[in-house]
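Engineer: One structure is given below, represented as structure tokens, and several questions about it will come after.
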Amino acid sequence: MVCSIQNITLIIKRFLKFIQKVLFQFLIDNQEQPMSLKNGIYEGYTYFMTMTVVDWVDVFTRPVYKDIIVNALQYCQQAKGLEIYGWVLMTNHLHLMASAKNREITMSDILRDFKKYTSKRIVEAVQAERESRRNWLLYRFEYAGKYAPKNKIYKFWQDGNEAKEIRTPEFYQQKLTYLHDNPVRAGIVEYPDEYLYSSARNYARKPGLIDVIID
């Protein structure tokens, strides 16, 4: 009986130690972002953001859809003062490290216009392309749109941008490495700079699809 109690006590101590370790690591990983700022956008800062397709639908498997995103980002750079430090476009989401150069056009304005424009253009492209998944894709977008009052018919992007304010060089490098390693983790390429739709090529001194600011 005594041994049993001692074993239980030992298990509880080990469990509490494990919980303490997990909580400590969580605080370390999130110390750069106060909870109140973690997913909000405040002007004058650089952010790591994620824009995700509804239901995580794999839309960006064809160049025609991916090029819409690339062209829209280039336009935002030229016309709206978007400054890009890193990016990667995966099959169902876009990671972006960026800031707004002009006070007249805020980051919130840029993201709103970017998502609105790309949503419309991609849906139009799906309708126009010889897309084997056309009906299924449009059904997913239409179904998501039923629960979004601001959408007339289709909803392409999920709400929110998962914006995380970048305050330290360490967090900057962590997120830059994370987004560049996305295609490697997905098994698409062996090395980050082999992936065309990413700023990893720029950082490897190779021609990239989008100009980025390299600190």
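The values are calculated or read from the model by the stated rules, or taken from the named source; none is laboratory data. Fair warning: this is a prediction, and the values are worked out from it, not measured in the lab. So basically every Cβ, Gly included, is an ideal-geometry build from the backbone, and we count neighbours across all protein chains shown.
Engineer: Quick check on region 181-196. Is at least one of its residues among the hydrophobic types (A, V, I, L, M, F, W, C), under 19 Å from Trp56 (Cα atoms) and out of contact with any helix residue (DSSP H, G or I) (no Cβ under 7 Å at 6 or more places or on another chain)?
Structural biologist: Scanning region 181-196, I find at least one residue that is among the hydrophobic types (A, V, I, L, M, F, W, C), under 19 Å from Trp56 (Cα atoms) and out of contact with any helix residue (DSSP H, G or I) (no Cβ under 7 Å at 6 or more places or on another chain), so the answer is yes.
Engineer: Considering Phe15, Phe48, which residue is farther than 29 Å from Ser132 by Cβ, modelled with pLDDT under 95 and either not in a helix (DSSP H, G or I) or not charged (D, E, K, R) (or both)?
Structural biologist: Being farther than 29 Å from Ser132 by Cβ, modelled with pLDDT under 95 and either not in a helix (DSSP H, G or I) or not charged (D, E, K, R) (or both) holds for just one of Phe15, Phe48, which is Phe15.
Engineer: Moving on. Residue check, Trp56 against (1) farther than 19 Å from Asp159 by Cβ; (2) at pLDDT 95 or above, all met but one. Which one?
Structural biologist: Result: Trp56 fails condition (1) only.
Engineer: Please list, ordered by first then second residue, the pairs with beta carbon atoms under 6 Å, 6 or more apart or interchain, first in region 119-131 and surrounded by fewer than 20 Cβ atoms within 10 Å (Cβ to Cβ), second of a type in the set (A, V, I, L, M).
Structural biologist: Matching pairs, first to second residue: Arg121/Ile68; Ala125/Val64.
Engineer: Go through region 111-130 and count every residue that is touching a Leu at 6+ places or on another chain (Cβ under 8 Å) and farther than 15 Å from Asp159 by Cα.
Structural biologist: 3
Engineer: Can you tell me which condition Val189 does not meet? The list is (1) surrounded by 16 or more Cβ atoms within 10 Å (Cβ to Cβ); (2) in contact with a Pro (Cβ under 6 Å, 6 or more places away or on another chain), and all the others hold.
Structural biologist: Of the numbered conditions (1) surrounded by 16 or more Cβ atoms within 10 Å (Cβ to Cβ); (2) in contact with a Pro (Cβ under 6 Å, 6 or more places away or on another chain), the odd one out for Val189 is (1).
Engineer: Can you tell me which of (1) at pLDDT 95 or above; (2) surrounded by 15 or more Cβ atoms within 10 Å (Cβ to Cβ) is the one Arg205 doesn't meet?
Structural biologist: Failed condition: (2).
Engineer: Going through region 160-175 one residue at a time, which ones are closer than 17 Å to Met51 by Cβ and either among the aromatic types (Phe, Trp, Tyr) or within 12 Å of the chain's Cα centre (by Cα) (or both)?
Structural biologist: Gly160, Asn161, Glu162, Ala163, Lys164, Lys175
Engineer: For the structure I just gave you, tell me whether Val88 is touching a residue at least 60 places away in the same chain (Cβ under 8 Å) and surrounded by 19 or more Cβ atoms within 10 Å (Cβ to Cβ).
Structural biologist: Yes: the conditions hold for Val88.
Engineer: All but one of (1) more than 19 Å from Met97 (Cβ to Cβ); (2) in contact with a helix residue (DSSP H, G or I) (Cβ under 6 Å, 6 or more places away or on another chain); (3) part of a loop (DSSP other than H, G, I, E, B) hold for Ile210, so report the exception by its number.
Structural biologist: (1)
Engineer: What pairs come out if I take residues in region 174-201 that are under 10 Å from Val88 (Cβ atoms) and pair them with residues that are of a type in the set (Lys, Arg) and in a helix (DSSP H, G or I) whose C-beta lies under 8 Å away, six or more apart or interchain?
Structural biologist: Pairs found: Tyr195/Arg201; Tyr197/Lys66.
Engineer: Also: Given region 99-198, what helices (runs of 4 or more DSSP H) lie entirely inside it while holding 2 or more residues that are modelled with pLDDT of 95 or more and not aliphatic (A, V, I, L, M)?
Structural biologist: 107-128, 169-185
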